[in-house]
Amino acid sequence: MPEIEIRKVTARIGAEVSGVDLAQSLDEETVATLRDALGRHKALVFDAAGLDDAGQQAFARHFGDLTTAHPTVPAVDGAPNVLAVDSERGRANHWHTDVTFVLNPPQASTLRSITVPPYGGETLIASSAAAYRDLPGPLRSLADTLWAEHTNDYDYAVPDEEIDGETAGRRAQFTSTVYRTAHPVVRVHPLTGERGLFIGGFAQRIVGLSAAESRKLLELLQSYVTRPENVLRWRWSPEQLVLFDNRITQHYAVDNYDGLPRRLHRVTVAGDVPVGVDGRESHAITGDASHYTPVAGPAPVPAAA
């Protein structure tokens, strides 16, 4: 068996992994090594030659139970745990953490390249742990006390005249059940103990503040997440897979490929309920997502380096 090699891509986030055949069942030692690497680097890139939907689901199951594809968006035919991230069905060109509008968002996400445009189409992944560490002391202390409401019925900031019937239909499907959940703005990672800014595009309001006040404060905190030093910019090649820790990252699909075909398949791993600095857990306000995701049990302790 080849030795696993893990090579950093940037100082603060991202590593490429070689020596792991994702199409094969992984032993406990390999999974522990990958889980530890994910805790360190937040995003891992693999060669996924020969991997299909079943193989992607099998790989993701090494990290926990799977969610279904999405709370409101249909899955790939015959694969209830697989979501098609397809440029023909819309573009996720906004910073977000996957499905934070439910009580227990996924702990990890896998994206596998199916169709790659000849240029552009990168995925940006940002470390919210690095963002938290970058905050000035007074702002960090404030963030520690804040809570935010996340919802799938969010402000797209797109003029109505630019929305055609197809886009309106996709939005109606996305919000067919409205979810609203209160999460701590600073989340404590259950494995590493790191603190990270748990915000992104679905965070629409700071609890106790007006919409206008919330917007200004969220924009300020978000500006630390998206600093170039905190971002991995991954240019896709065919048959690659990216695994990222959804508890302590945000991501953004860059719309810079002239409308050419771009398709990824996403499989997500069920997560735990977020916990803030004071030990309080997130709570649901509206919407029951139990059909989408189980609540993950206690996380295993990562292997020593």
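Checking Asp65 against (1) more than 13 Å from Arg112 (Cα to Cα); (2) touching an Asp or Glu at 6+ places or on another chain (Cβ under 7 Å), only one condition comes out false. Which one?
Condition (2) is where Asp65 drops out.
Just checking, does region 233-247 include any residue being modelled with pLDDT of 95 or more, closer than 28 Å to Ile114 by Cβ, β-branched (Val, Ile, Thr) and crowded, with 22+ Cβ neighbours inside 10 Å?
yes
What number of residues in region 12-60 are among the hydroxyl-bearing types (Ser, Thr, Tyr) and assigned to a strand (DSSP E or B)?
The qualifying residues number 1.
I'd like to check which strands (runs of 3 or more DSSP E) are fully inside region 61-151 and have at least 3 residues that are more than 14 Å from the chain's Cα centre (by Cα).
The strands (runs of 3 or more DSSP E) meeting that bar are 108-115, 147-151.
Looking at Thr268, is it under 23 Å from Ser18 (Cα atoms) and at pLDDT 95 or above?
It is true that Thr268 is under 23 Å from Ser18 (Cα atoms) and at pLDDT 95 or above.
Tell me yes or no: at least one residue of region 19-41 is within 21 Å of Ile248 (Cβ to Cβ) and of a type in the set (Lys, Arg).
yes
Consider only pairs whose beta carbons are under 6 Å apart and that are at least six residues apart or on different chains; among these, list those whose first residue lies in region 225-236 and is farther than 27 Å from Asp47 by Cβ and touching a residue at least 40 places away in the same chain (Cβ under 8 Å) and whose second residue is polar (S, T, N, Q) and crowded, with 24+ Cβ neighbours inside 10 Å.
Pairs found: Val225/Ser128; Val225/Gln250.
Touching a His at 6+ places or on another chain (Cβ under 7 Å), under 28 Å from Ala129 (Cβ atoms) and among the aromatic types (Phe, Trp, Tyr): which single residue out of Phe101, Phe59, Phe63 fits that description?
Checking each option against the conditions leaves just Phe101.
The conditions are (1) buried (at least 19 other Cβ atoms within 10 Å of the Cβ); (2) in contact with a helix residue (DSSP H, G or I) (Cβ under 8 Å, 6 or more places away or on another chain); (3) part of a loop (DSSP other than H, G, I, E, B), and Tyr257 fails exactly one of them. Which is it?
Among (1) buried (at least 19 other Cβ atoms within 10 Å of the Cβ); (2) in contact with a helix residue (DSSP H, G or I) (Cβ under 8 Å, 6 or more places away or on another chain); (3) part of a loop (DSSP other than H, G, I, E, B), Tyr257 violates only (1).
Would you be able to say whether some residue in region 24-36 is more than 27 Å from Glu229 (Cβ to Cβ), without any contact (Cβ under 8 Å) to a residue 40 or more places away in the chain, within 21 Å of the chain's Cα centre (by Cα) and surrounded by fewer than 20 Cβ atoms within 10 Å (Cβ to Cβ)?
Yes.
Could you tell me which residue of region 85-100 is modelled with the highest pLDDT, considering only residues that are in contact with a Pro (Cβ under 9 Å, 6 or more places away or on another chain) and over 20 Å from Asp65 (Cβ atoms)?
For region 85-100, the residue satisfying everything is Asp86.
Buried (at least 21 other Cβ atoms within 10 Å of the Cβ) and aromatic (Phe, Trp, Tyr) - does that describe any residue in region 213-226?
Yes, region 213-226 has at least one match.
Within region 265-284, can one find any residue that is of a type in the set (Ser, Thr, Tyr) and part of a loop (DSSP other than H, G, I, E, B)?
Yes, the conditions are met somewhere in region 265-284.
The values are calculated or read from the model by the stated rules, or taken from the named source; none is laboratory data. Keep in mind that this is a model prediction, so the values were computed, not measured. Reconstructed Cβ throughout: ideal geometry from the backbone, glycine too, with neighbour counts over all protein chains shown.
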